[in-house]
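Have a look at the structure below before the remarks.
Throughout, read-outs are computed from the coordinates displayed, never taken from laboratory work. Because the structure is a prediction, the values reported are computed rather than measured. Virtual Cβ from ideal backbone geometry, glycine too; neighbours counted across all protein chains shown.
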Amino acid sequence: MSAQSLTNAPKPELTADLDADLNYDVLVVGSGAGGAMAAYELTRQGQRVLLLEAGRDYDPKKETPMFRRNSDAPLMGAATPDKDFGFYDATVDGGWQVPNEPYTAAAGSEFMWWRARMLGGRTNHWGRYALRFSPHDFKGKSRDGLGADWPFEYDDIAPWYDKTELLVGICGTNTGLDDMPPSPDGVLQPPPKARIPELLVAAAAKKHGITAVPMHRAVLTRPKDQRAACFYATSCGYGCSIGAAFQTTTSLLPMALATGLLTIKTNAMVKSVDTDDGGKVTGVTFIDKTNGLPVQLPARVVILAASACESARILLNSASNKHPRGLANSSGQVGKNLMDSTGANFGAYVPALMDRPLYNEDGHTANHLFIPWWGHQLQAEKKLDFPRGYHFELGGRFTEPGAYTSAPLQGYGHDLRRQVRQHYGAYVSFALRGEMLPNEHCYMELDPLVKDKWGIPVARFHWRWSEHELKQVAHGLATAKLLLETMGATPGPLPSPEQAILKGGQVIHEVGTTRMGASAADSVTNQWGQTWDCDNLFVMDGGVFASNPHKNCTLTILTLAMRNSDYLARQLREGRL
Amino acid sequence: MSKSDTFYYQHSLSRRDSLKLFAALASSSLLPTLTGCEPAATQMVAPVAASSLVAPPWPQLTLTPLHSAGYGKDPNLLIKPAAPWPLTLTAAQLASLALLADLILPRQGEWPAASELAVPTVLDEWVSAPYPNQQQDRLMLLSLLGWLDAAAQQQGLRQFTDPRQVAVGTTSTSAEPANKSAAVQSTRFALQRTVLDAIAGPTVAAEFRQAAQAFDRLRQLVVAAYYCHETGSKLLGYQGNTAIAGDYPGPTAAAYQHLNAQLSKLGLTAVT
């Protein structure tokens, strides 16, 4: 369908770089995990796609600071309010704050919202941890009565995990553990060998019946398509010019562009989804950031994949007579059920690792081993006082020296060098990442007063951890302490869970604000990410999550976007939309 | 004494340059005349034990906040900006920090002194940055310099570090100053150590705690800047940031051996 063939749609004011004769079947908002996968799958199936991205164009091949040393960066690469994760972090025009695009928190609430304004979105810097959710993850409510079930079974999504893992490229192994469903033979690539501190943690954990296993990461250890295998240097958070660490800008987007069916428009900040008098979606209005002017574009189908909270914000900003509470919000659930992962860190220097033999421990620059959740059985037997699981990510290796030293240094003079060497690579930390349950105190809405630079009302967050999360964190801290002691360390006193738990949003796994479900009464979309209220409007980011299992959200965002774009392509072929 | 008479740390100073500079100073008529400004070693009070040092009050500095722009949210990550923001340390402050840095990490064997690895340059960039953490460090470090001077005055020194003292790393060279001057310096080092010993160790008297905290911060920054430098990082033994063809090789035989010995001491079983 061409833009002009929509006779009833308002005539678009196309910017100079958008061809007035542009043809597209589907308009996608956002170029991160969900949007890029939608563009990939739809174009693969012959659909024409226009993708709008709020940030600037970005090419990791030209911009990634490969091999750059901390000493080559201002402030030794330290984190600053301009670059919250350090100078070299790939995030462009974003972080905890985006210039001129504020967000607010209600009194008594604190929430941190990480955004990126760049092609590829947050896939350019994510941790690349890519663990499948397991059968019980999709049916938590059936098991313990809390939160919400997903509207499908694990078996429905398993083949899509297989396809996604193959396309993305995941290294790891099938562990046989109940928290890690297996991938078919030939899907996973071999993981890198474990490092010494990880092996020490594994041995300590084993003593307590806890298992450390290879992490699953979206990092190639074998070449794939146009992407090279990892060469085990340069932090993945910098981006990856050789495409080994998955980001949509070196994989899905170039692949979709190669079909000739994808057009990308950057600096296009979507303000609202437009509807006709019947309430059906007719297109979107975006702000062209290069000139600040609003542009209307017609569309037969719109997919929102702007990130959970940005997509919910767009829906809430798209109210009309037919959709007075915001678009697709007849259930009142848009913005509700906001969940992050729980996070807490605990670590100590381990004497057994002091002055150990040196070797290159960069590896793929993140966890080679981690500790998956081991407590399903304990929870089934009601032996734990919290309902949902967590995993531990393990820190500790010979890293490139940077702006911070945590070693407890004493004195001055040449002896300091001995102390530095002794402590180098001897600190082990446990980063807990756990499942949070949705609660009525955690949600987002529109701020009634504050608008961004473009005149768009901003998100306002409400947040409160519940006792479920605090008890889980207390268990995790005690376990980390036990493992450190088993390793011969003398960790300091444990903080309280209230002190230790990270802030809402800080783990950057925010999901749930447009959740999917089995009924239009209590969810925003059906199992295909299709909104109950408008059949030509889909959501394909983390907003659709019905729960937030502890395993990091991106792989499942990618998988759902592939599955649901396949569904959408079928609907289009069959003339249902 | 005029500014031109004194040694100042220069940002682009390579070790070679610093030696040349020192040689130039030594061969000029400057050094002998400079010693005239210095009380003779014998006139300095004998170094007092740390326990008898009276802690000066912590300086209450009022610094003008820095309002320069940061590097922004979309800096070029490939080319380091020559100067991301204006540097703010005076030549005297920079010289003091250079000398302190060299007391913290002096030249020893194959290890260069801190000033030879551009540590003072990094410190200047750090305290001049317009970000909140760095501005906090700026207040802390400049206060420390003032406090050290006050403490040094108790020892009969005019100030803690004398700009003419030259970085520690450059003293043991063929450009060695005259014996008399060396003796002055040696006494000065002893006096400086008396002050540092009161704030640098694991146990610190209550009245020295604020200075000790600030010194610890300086020590952290000096250590960070030193090991961040390519040379420092190599000497420490960081072996990464190099492309590997094929699979990641993992630990060496020696590394496994060490681990296994530790596991057996801890009564743990290796996981394969």
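Couple of notes before you dig in:
- Kirkwood Rh, Cα atoms: Rg over Rh of region A:404-509: 1.16
- Rounded to 5, percent antiparallel among DSSP beta bridges of the protein assembly as shown: 70 percent
- Placed amide H near A:Thr221: partners under 5 Å, 5+ positions off or other chain: A:Cys230
- Amide H partners (placed H, <5 Å) of A:Leu131, local residues excluded: A:Leu555
- Across chain A, Cα pairs under 8 Å and at least six residues apart give a relative contact order of 22 percent.
- The C-alpha atoms of chain A define a longest principal axis, and helix A:467-486 lies at about 30 degrees to it.
- Listed cross-link partners A:Lys289/A:Lys322; A:Lys271/A:Lys471; A:Lys265/A:Lys451 are compared with a 31 Å cut-off, the Cα-Cα value being larger for A:Lys271/A:Lys471.
- Å³ per residue enclosed by the Cα convex hull of region A:18-119: 158 Å³
- Couplings for region A:187-199, taken from phi via the Karplus curve 6.51 cos²θ - 1.76 cosθ + 1.60 with θ = phi - 60°, read 7, 7, 8, x, x, x, 4, 5, 8, 4, x, 5, 5 Hz in order; Gly and Pro are left as x.
- Using θ = phi - 60° in the Karplus curve 6.51 cos²θ - 1.76 cosθ + 1.60, the 3J(HN,Hα) couplings for region A:122-127 round to 7, 5, 6, 10, 4, x Hz; x is entered for Gly and Pro.
- Gyration tensor analysis over the Cα atoms of region B:51-124 returns equivalent ellipsoid semi-axes of 29, 23, 10 Å (largest first, whole Å).
- P(r) weight above 22 Å for region A:321-406, C-alpha pairs, percent: 58 percent
- Using the Karplus relation 6.51 cos²θ - 1.76 cosθ + 1.60 with θ = phi - 60°, the per-residue 3J(HN,Hα) values for region B:245-257 come to 8, x, 6, 4, x, x, x, 7, 4, 5, 5, 5, 4 Hz, with x marking Gly and Pro.
- Fewest-first sequence of A:Val539, A:Val201, A:Val428, A:Val420 by Cβ atoms within 10 Å of each Cβ: A:Val420, A:Val428, A:Val201, A:Val539
- Scattering profile of region A:133-187 at q = 0.14 Å⁻¹ [log10 I(q)/I(0), Debye over alpha-carbon scatterers]: -0.43
- For A:Val450, distant residues with modelled amide H under 5 Å away: A:Val458
- Stokes-Einstein diffusion coefficient of region A:226-355, Kirkwood radius over Cα pairs, 37 °C, 0.692 mPa s, in µm²/s: 174 µm²/s
- Computed helical MRE - 222 nm, the protein assembly as shown, DSSP H runs ≥ 4 contributing -39500 (n - 2.57), nearest 500: -9000 deg cm²/dmol
- Label separation (A:His208 vs A:Leu293): 6.3 nm, computed from points 7 Å beyond Cα along the C-beta direction.
- Inverse mean reciprocal Cα-Cα distance (Kirkwood Rh) of the protein assembly as shown, Å: 29.4 Å
- Rg and Dmax, both from the Cα atoms of region A:359-443 and both in Å, are 19.2, 57.
- Region A:393-454 - Kirkwood radius from inverse mean 1/r over Cα pairs (Å): 16.7 Å
- Shape of region A:194-272, Cα gyration tensor, a/c cut at 1.5: prolate
- Look at A:Met516, A:Met436, A:Met540 and count the other Cβ atoms within 10 Å of each Cβ; fewest to most, that gives A:Met516, A:Met436, A:Met540.
- GluC sites (Glu not before Pro), loop per DSSP, at most 14 other Cβ atoms within 10 Å - longest free stretch of chain A: A:154-380
- Reach of B:Lys234 by Cα under 23 Å, taken over lysines that are not fewer than 8 positions away in the same chain: B:Lys80
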